[in-house]
Amino acid sequence: MTRYRTRLLFGLITLIFIVLIGLGLLLGQLFKSHYVNTYDSRLNKESKIISSFIMESGGIHSFDEEKMNWFSETLNSRIFIVDAKKEMIYDSGNMDDIPDKQHENLIQEILQNMGEESEKAIELGGGHNLHVHWTPIVDNGTLQGYLFVSTKLAEIQRAYQQIWWLLIFSLGAALIVIIILGSRIMVRYTKPIESATKVAIELAKGNYRARTYDDHVSETGMLSSSINILARNLQGMVKANEIQQGRLSALIENMGSGLLLIDSKGQIILLNRTFKEVFHVESSDYIDKLYYQVIEHKEISELIEEIVMTEQKIKRQLHLPIGIERRHFEVYGVPILGVNEEWKGILLVFHDITEIKKLEQVRKDFVANVSHELKTPITSIKGFTETLLDGAKEDKETLDQFLKIVLEESDRLQSLILDLLELSKIEQQGFVLSIRKMNLVQLLQELIIILRRKAEKKGIELVFEGTEKEILIEADYDRLKQVFINIISNAISYTLIGGKVAISIAESQKSVSVSIKDTGIGIAQEEIPRIFERFYRVDKARSRDSGGTGLGLAIVKHLIEAHHGKISVKSTVGEGTMFTIELNKVFSGRTEVEA
């Protein structure tokens with residue numbers, strides 16, 4: 001902006017300088033013309049006075065030369081008198097810098113070239129520097145001769161110099177005053193413009209906090225005020241847009257469903273975090289790419305093409321492979337239409353309903369398993385009862401055998417119902433543990449005494465490999481006892497004769513880990529995620545022979561989670577299984593613990 005001000009000031013000074021030079025030349029010529037006219041008028045009057053003196057003295061042949069010389073000295077001029085025949089009859093002399101002969105030759109040249117002019121004043125330059133004025137001498141209408149009065153130009157030149165110095169000084173002073181005033185005025189009017197320009201540049205860069213000095217006095221103040229109002233309005237609009245954009249981005253990024261936006265050219269312009277997490281993709285692999293080049297699932301591409309063809313909303317369930325698993329999605333596809341039904345693109349929303357599908361399947365399996373588990377003992381009880389009613393009761397040995405079987409099936413049915421009730425109770429939201437401080441080592445040693453007889457019947461070695469030192473934790477004693485009985489009993493049931501079941505315990509600063517390791521039949525890796533489901537059995541025949549209901553591990557899982565603990569399983573088929581239960585020493589679910 002300083003360069004602009006400099007260029008503007010330079011242009012203004014140049015213009016003013018040219019105008020002043022022109023004005024000086026014009027005034028110089030005017031002053032010169034006025035001075036010359038005045039000088040000629042003086043010479044004319046002097047010439048007439050001298051001419052009158054000559055006539056009063058008796059003419060050109062009888063005038064007083066001494067008087068004429070006095071006129072020449074007084075007027076500082078050289079006087080010539082020429083008769084009618086143009087012959088010089090008098091020369092006053094003087095003006096030593098010009099030789100007399102040369103002076104006479106100049107007079108003769110003037111006489112030859114004067115024509116019919118009666119009187120005239122001329123300037124002779126070219127080294128002469130003379131101003132010559134002549135006038136005719138007339139007596140009673142008869143031309144007797146000419147009177148020439150010549151003076152040096154030095155006086156006129158001095159007058160010219162004085163005029164030019166006066167003009168130069170006046171115009172120079174005027175130029176200086178104009179420059180000073182012009183600079184002040186220019187700064188006064190360009191400074192707000194410079195400030196407004198800087199603010200406009202900052203606004204163009206996106207800095208909407210920039211402001212200029214607000215001057216309400218002049219027209220530039222209106223410019224500054226308008227720039228400030230514009231800046232405030234832009235800042236408000238940008239802030240509102242940023243807030244709206246932030247809300248929209250937060251909504252899109254944090255919504256639980258995957259979102260995919262495709263423009264009218266088929267290029268993907270937006271995908272949210274959920275979509276990237278579910279489909280394991282990156283934004284750089286999708287953004288500004290054609291959908292059919294980057295989307296691997298044919299079902300999604302076909303759905304997009306159908307929306308393009310029909311321009312209708314579509315809701316469809318898709319079963320897609322994601323990595324090593326297959327997931328269920330409910331996809332909503334919506335065409336985006338602008339003004340006048342102009343095609344803008346497509347919006348796809350992916351709702352992951354895999355868990356819902358799993359819950360539906362679990363519910364179906366649960367109903368089927370419960371029906372099957374109840375059907376088996378009821379069928380046995382009914383069959384043996386009908387057999388007894390048909391006459392088998394008369395045989396005491398058969399009666400005792402059938403009643404024993406009916407009792408076993410009744411116990412099994414009762415155990416199943418109790419486990420269902422127990423599981424239902426644990427899963428209820430209001431389920432509360434009776435937390436108190438307890439010695440976990442003591443509990444495990446008691447359980448070994450209780451279950452050792454069962455292990456010995458199968459020739460299985462049941463050992464405790466942990467420390468004898470007391471380990472206190474905050475937990476529900478009865479519920480943990482139920483957990484460990486279930487897991488240790490399963491280990492004994494699924495371990496072959498002559499096997500081993502080892503219980504170990506490890507302590508850290510904040511938690512305790514208990515491991516139950518057996519040398520049993522093991523569990524296949526693909527079945528491990530399902531062993532905590534209701535009624536799921538790794539070996540169904542062995543489970544029924546052992547009297548299990550298929551609900552034990554489901555109850556164990558819920559009880560460990562209620563203690564805010566963790567349970568994990570490692571197993572190799574044919575080598576054995578190890579269950580690891582991690583419990584916190586301090587229970588975080590209550591602030592007060594029973595002693």
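The values are calculated or read from the model by the stated rules, or taken from the named source; none is laboratory data. None of these values were measured; they are calculated from a predicted model. Virtual Cβ from ideal backbone geometry, glycine too; neighbours counted across all protein chains shown. For the accessible areas, the whole protein counts, side chains as well, though only heavy atoms, and no ligand, DNA or RNA atoms are used. Shrake-Rupley method; radii C 1.70, N 1.55, O 1.52, S 1.80 Å.
Is there a residue being at pLDDT 80 or above, in a strand (DSSP E or B), touching a Gly at 6+ places or on another chain (Cβ under 9 Å) and open to solvent by less than 50 Å² (accessible area, probe 1.4 Å) anywhere in the stretch 584-593?
If we filter the stretch 584-593 for residues that are at pLDDT 80 or above, which is where we start, we get 584-587.
If we keep only those that are in a strand (DSSP E or B) too, we end up with 584.
Applying the additional criterion that residues be touching a Gly at 6+ places or on another chain (Cβ under 9 Å) yields 584.
Within this subset, residues satisfying the condition of being open to solvent by less than 50 Å² (accessible area, probe 1.4 Å) are none.
The answer is no; no qualifying residue exists.
Kindly evaluate Leu166 against the criterion of being in a helix (DSSP H, G or I), open to solvent by less than 90 Å² (accessible area, probe 1.4 Å), of a type outside the set (D, E, K, R) and touching a helix residue (DSSP H, G or I) at 6+ places or on another chain (Cβ under 9 Å).
Considered against the rule, which asks whether it is in a helix (DSSP H, G or I), open to solvent by less than 90 Å² (accessible area, probe 1.4 Å), of a type outside the set (D, E, K, R) and touching a helix residue (DSSP H, G or I) at 6+ places or on another chain (Cβ under 9 Å), Leu166 comes out as no.
Please state which of the following conditions Arg7 fails to meet, knowing it meets all the rest: (1) among the charged types (D, E, K, R); (2) surrounded by 16 or more Cβ atoms within 10 Å (Cβ to Cβ); (3) within 60 Å of the chain's Cα centre (by Cα).
Single failed check for Arg7: (2).
Yes/no matrix, rows are residues, columns are (1) at pLDDT 75 or above; (2) more than 30 Å from Leu106 (Cβ to Cβ):
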position	(1), (2)
Thr2	no, yes
Thr6	no, yes
Phe10	yes, yes
Phe17	yes, yes
Leu25	yes, yes
Tyr35	no, no
Ser41	yes, no
Lys67	yes, no
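Can you name the residue in the stretch 16-36 that is over 11 Å from Leu167 (Cα atoms) and within 60 Å of the chain's Cα centre (by Cα) and, of all such residues, is surrounded by the most Cβ atoms within 10 Å (Cβ to Cβ)?
Within the stretch 16-36, the first condition is being over 11 Å from Leu167 (Cα atoms), and the residues that meet it are 16-19, 22, 29-30, 32-36.
Narrowing further to those that are within 60 Å of the chain's Cα centre (by Cα): 16-19, 22.
On the way: Ile16: 16, Phe17: 14, Ile18: 10, Val19: 13, Gly22: 10.
The selected residue is Ile16.
Filter the stretch 465-492 down to the residues that are more than 60 Å from the chain's Cα centre (by Cα), crowded, with 17+ Cβ neighbours inside 10 Å and hydrophobic (A, V, I, L, M, F, W, C) and list them by number.
Ile488, Ala491, Ile492, listed by residue number.
Show the residue pairs that are 6+ apart or on different chains and have beta-carbon atoms under 6 Å apart, the first residue being within the stretch 335-363 and at positive phi, the second being at pLDDT 85 or above and among the charged types (D, E, K, R).
Taking only residues 6 or more apart or on different chains, the pairs are Gly345/Asp263.
Take the residues of the stretch 304-359 that are in a strand (DSSP E or B) and among the acidic types (Asp, Glu): which is most open to solvent (accessible area, probe 1.4 Å)?
Glu325
Given the options Arg158, Arg184, Arg188, name the one that is closer than 30 Å to Ile49 by Cβ and either of a type in the set (Ser, Thr, Tyr) or open to solvent by 80 Å² or more (accessible area, probe 1.4 Å) (or both).
Arg158 is the lone residue from the list that is closer than 30 Å to Ile49 by Cβ and either of a type in the set (Ser, Thr, Tyr) or open to solvent by 80 Å² or more (accessible area, probe 1.4 Å) (or both).
Which of the residues spanning the stretch 493-525 are surrounded by 15 or more Cβ atoms within 10 Å (Cβ to Cβ) and small (Gly, Ala, Ser)?
If the condition is that a residue be surrounded by 15 or more Cβ atoms within 10 Å (Cβ to Cβ) and small (Gly, Ala, Ser), then Ser493, Gly499, Ala502, Ser504, Ser511, Ser513, Ser515, Gly520, Gly522 are the ones that fit.
Only residues that are open to solvent by 50 Å² or more (accessible area, probe 1.4 Å), part of a helix (DSSP H, G or I) and at pLDDT below 65: list them for the stretch 526-559, please.
Lys540, Ala541, Arg542, Arg544, Asp545
Mind checking which residues of the stretch 242-271 are of a type outside the set (D, E, K, R) and part of a helix (DSSP H, G or I)?
Residues satisfying the conditions are Ile243, Gln244, Gln245, Gly246, Leu248, Ser249, Ala250, Leu251, Ile252, Asn254.
Look at the stretch 231-254 and say how many of its residues are aliphatic (A, V, I, L, M) and touching a Lys or Arg at 6+ places or on another chain (Cβ under 9 Å).
2
Within the group Ile201, Ile176, Ile180, Ile193, which residue is closer than 30 Å to Val238 by Cβ, within 60 Å of the chain's Cα centre (by Cα), modelled with pLDDT of 80 or more and part of a helix (DSSP H, G or I)?
Ile201
Taking the conditions exactly as written (of a type in the set (Lys, Arg) and either closer than 20 Å to His297 by Cβ or at pLDDT 85 or above (or both)), does Lys357 satisfy them or not?
On the way: of a type in the set (Lys, Arg): yes; either closer than 20 Å to His297 by Cβ or at pLDDT 85 or above (or both): yes.
Answer is yes for this residue.
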